[in-house]
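Read-outs: derived from the displayed coordinates by stated rules, not from any lab. None of the values given here were measured: they were computed from a predicted structure. Glycine also receives a Cβ, built like all others from the backbone with ideal geometry; neighbour counts cover every protein chain displayed.
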Amino acid sequence: MLTSIAGRSVVVTGASKGIGKGIARVFARQGAKVLVVARSGADVDATAAELGPGASGFAADVRQLPDMEAMAAATVERHGGIDVLCANAGIFPMAKLADMTTDDWDQVMGTNLKGMFLAVQACLPALQRSGRGRIVVTSSITGPITGLPGWSHYGASKAGQLGFVRTAAIELARHKVTINAVLPGNVMTEGLVDLGQDYLDAMTASVPLRRLGSVEDIGNAALFFASDEAAYITGQTLVVDGGQVLPESLTALED
Ligand code: NAP
C-alpha cells in the first residue's frame, strides 16, 4: 500500500489519449489534481471532464518552449504548485532508414526528445519548490532494449531519453527532485491501433503474458515512481512489457 498522493499537483503531457490518459486516470483516482495536456483543446477538455472535478485541460505543444512555460504557469495557478510531471507525449510514425526524410527525423526528435526536455525545464522551478518533486518519463523498450524496422529515429529518441534521465537525476538530486523512466512494451492505445491488426497480432504473440499492456499498467508504474515510497529511487528504469524482452528465440514462446 502506497502513502496517499491525494491533493498533489500532477502534470501529464500527451494525456488526451492512450498511455497519458491512463496515467492521468490512475492519478485522478488517487485524488491528485491533474493537468491534462495535449495539442487538441477539445480533446484535453473532454478527457478532463471524463476524469472528474480534480482534472482540467490545457492545450499545449511540447515542442514549443512558450507552450511549456504557459503549461507550468497554469498548473501553479490552478493547483498552487507542481509535485509530479509525467513527460509522456510522444509520436511513433514508421519510416525505413533508406526512405527517412530529415523532416521525419526532426518530427520524432522534436516531440519525443526535445519535447521531454522542454517540459522538464519549464516545470523545474515549481518541482524544486515542491520539496518532493517527481518526474516520470515515458520511454519505451524500443531503442533502450529492442529494435524494430521503421523505428530507427523513434528508437534513438527513446534511448536518448534515458541518457537525459541519468544526468538530470544527478543535477536534480540536490533539490530532492527524482526522475525515472517507465519503459512500456506494446500497450493498447489509439496510436497502436493505427498500426493495424497484423501488428497487434504479431506483438501479442511475442509477449509471454499473452496480452498487450493496458494503459493502467503504465499508470501504476508511474504512480509508484511518484510515491513517497520511491523517494530514494532516481535515474532508473522500469520495464512494463509482460515479459516481451525476455525470449531468446521464437522457440522460447512455444508451449
Ligand atoms: P497516442 O495514443 O498516439 O497518444 C499520444 C498523445 O500525445 C495524445 O494525447 C496526443 O494528443 C499527444 N501529443 C502528440 N504530440 C504532441 C505534442 N507535440 N505536444 C503535446 N501533446 C502531443 O500515443 P501512446 O501510444 O499513448 O504513446 C504515449 C507515449 O508512450 C509515447 O511517448 C510513446 O512513445 C510511448 N510508448 C507507447 C507504447 C505503446 O505501445 N502505445 C509503447 C512504448 C512507449 P494531440 O495529438 O492532441 O497533441
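Of note:
- Exposed GluC sites (Glu not before Pro) absent - longest run of the chain, DSSP non-H/G/I/E/B, at most 13 other C-beta within 10 Å: 1-247
- Taken as Cα centroids, the stretch 1-40 and the stretch 178-244 sit 16 Å apart, rounded to the nearest whole angstrom.
- Helical contribution to [θ] at 222 nm, DSSP H n ≥ 4, -39,500 (n - 2.57), averaged over the chain, rounded to 500: -13000 deg cm²/dmol
- For the chain, the pair-distance distribution built from all alpha carbon pairs, in bins 5 Å wide starting at 0, is 1, 7, 14, 19, 20, 17, 12, 7, 3, 1, 0, 0 percent.
- Computed over the alpha-carbon atoms, the stretch 38-177 gives an Rg to Rh ratio of 1.00, Rh here being the Kirkwood radius from the mean inverse distance.
- Ordering Thr146, Thr138, Thr234 from the fewest to the most neighbouring beta carbons within 10 Å gives Thr146, Thr234, Thr138.
- Listed by chain and number, the lysines whose alpha-carbon sits under 19 Å from that of Lys114, ignoring those within fewer than 8 places in the same chain, are Lys158.
- Short-range pairs are left out: with C-alpha atoms under 8 Å and at least six residues apart, the relative contact order of the chain is 20 percent.
- For the stretch 106-255, the pair-distance distribution built from all alpha carbon pairs, in bins 5 Å wide starting at 0, is 2, 9, 17, 20, 20, 14, 9, 6, 3, 1, 0 percent.
- Formal net charge of residues neighbouring Ala173 (Cβ-Cβ distance under 15 Å; K, R +1; D, E -1): +4
- Structural descriptor for the stretch 174-223: relative contact order 44 percent, calculated from alpha carbon pairs under 8 angstrom and at least 6 residues apart.
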